[in-house]
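The values are calculated or read from the model by the stated rules, or taken from the named source; none is laboratory data. Predicted, not measured: the structure shown is a model, and the values here were computed from it. Using ideal geometry, Cβ is built from the backbone for each residue, glycine included, and neighbour counts are taken over all protein chains shown.
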Amino acid sequence: MKALDWHRFLQAQHEQHGKVVFTVTELANAAQASPRVLNVELARLIKRGVIVKYARGRYGAVRGVSPEDVLPFLDTAAYLTGLYALHRHDLITQLPREITCFTNRRHNRSRERLSPLGRFVFVCVGPQIYTHPADGWTVGPEQALCDFLYLTCRQSLDARTLVTFRNLNTLDGKRLRCMLDRYPQTVSRAFQRLERFHSPLLVDDDQQLKQVRV
């Protein structure tokens with residue numbers, strides 16, 4: 001297949017099936033070539049900027065691939081959280097340099113994985129904190145904040161000095177406080193400091209209703 005044919009194949013797979021990451025076998029079938037021949041072809045395509053290697057044995061287009069697309073091939077038990085999720089939910093202004101992933105598996109020497117999308121950092125957490133999102137690979141905004149506070153507390157850091165928060169008034173205060181029960185008390189205290197700093201942004205729906213009535 002020529003470079004233009006590969007472009008068309010990748011675009012068609014994305015538009016028709018929402019698929020952006022492929023195994024060597026899938027690409028070999030598309031090219032009607034043996035894996036050995038395809039490996040030589042892939043080296044040429046990567047050098048020409050047509051295809052990118054995102055993980056071991058996983059390739060995709062140069063654009064349109066997100067950490068959510070790649071994470072399942074790195075750790076099926078992991079999910080995206082922390083600063084990456086906070087930025088995706090538009091709750092911080094800084095673009096994170098690392099992609100934080102919580103998992104219930106120990107990666108030991110492979111705790112950090114380099115990728116064209118950035119550095120994936122895997123943090124093994126206990127069952128009380130580990131909560132994989134029911135749909136997708138990225139946690140909701142409330143869980144992302146709790147996880148970030150949990151990480152900063154583990155390192156004895158103050159979250160307020162690390163990033164600039166915004167849009168905290170969009171968080172569900174009641175859900176957030178219920179979620180904090182799963183975390184150590186240090187996380188609750190960190191949240192209270194953050195809440196006082198941004199008060200009165202984090203308000204429960206019930207409290208908002210009382211204010212309206214008054």
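Please work out which residue is modelled with the lowest pLDDT, limiting yourself to the stretch 1-23 and to residues that are farther than 23 Å from P67 by Cβ and basic (K, R).
My answer is K2.
Give me a count of the residues in the stretch 83-97 that are surrounded by 13 or more Cβ atoms within 10 Å (Cβ to Cβ) and either at pLDDT below 95 or among the aliphatic types (A, V, I, L, M) (or both). Walk me through it before giving the result.
Of all residues in the stretch 83-97, those surrounded by 13 or more Cβ atoms within 10 Å (Cβ to Cβ) come to 83-89, 91-92, 96.
Those left that are additionally either at pLDDT below 95 or among the aliphatic types (A, V, I, L, M) (or both): 83, 85-86, 91-92, 96.
Of the residues in the stretch 83-97, 6 are surrounded by 13 or more Cβ atoms within 10 Å (Cβ to Cβ) and either at pLDDT below 95 or among the aliphatic types (A, V, I, L, M) (or both).
Exactly one of (1) assigned to a loop (DSSP other than H, G, I, E, B); (2) over 30 Å from D172 (Cα atoms) is unmet by T76. Its number?
For T76, the exception is condition (2).
Closer than 21 Å to H89 by Cβ and surrounded by fewer than 17 Cβ atoms within 10 Å (Cβ to Cβ), is that true of D172? Break it down stepwise before answering.
Numbers: closer than 21 Å to H89 by Cβ: yes; surrounded by fewer than 17 Cβ atoms within 10 Å (Cβ to Cβ): yes.
Considered against the rule, which asks whether it is closer than 21 Å to H89 by Cβ and surrounded by fewer than 17 Cβ atoms within 10 Å (Cβ to Cβ), D172 comes out as yes.
I'm told V21 meets every condition in (1) surrounded by 15 or more Cβ atoms within 10 Å (Cβ to Cβ); (2) more than 24 Å from the chain's Cα centre (by Cα); (3) of a type in the set (A, V, I, L, M) except one. Can you identify the failing condition by its number?
Condition not satisfied by V21: (2).
When you check K47 against the structure, is it in contact (Cβ under 8 Å) with a residue 40 or more places away in the chain and surrounded by fewer than 17 Cβ atoms within 10 Å (Cβ to Cβ), yes or no? First the steps, then the outcome.
Details: in contact (Cβ under 8 Å) with a residue 40 or more places away in the chain: no; surrounded by fewer than 17 Cβ atoms within 10 Å (Cβ to Cβ): yes.
Taking the combined requirement at face value, the residue does not satisfy it.
In the set F102, F122, which member is at pLDDT 95 or above, in contact with a Lys or Arg (Cβ under 6 Å, 6 or more places away or on another chain) and farther than 25 Å from I51 by Cβ?
Numbers: F102 fails: in contact with a Lys or Arg (Cβ under 6 Å, 6 or more places away or on another chain).
Checking each option against the conditions leaves just F122.
Which residues, counting only those in the stretch 12-39, are without any contact (Cβ under 8 Å) to a residue 40 or more places away in the chain and not in a helix (DSSP H, G or I)? So that I can check it myself, show each step before the final result.
Start the filter on the stretch 12-39 by keeping residues that are without any contact (Cβ under 8 Å) to a residue 40 or more places away in the chain, which leaves 12-13, 15-19, 22-39.
Those that are without any contact (Cβ under 8 Å) to a residue 40 or more places away in the chain and not in a helix (DSSP H, G or I): G18, K19, F22, T23, Q32, A33, S34.
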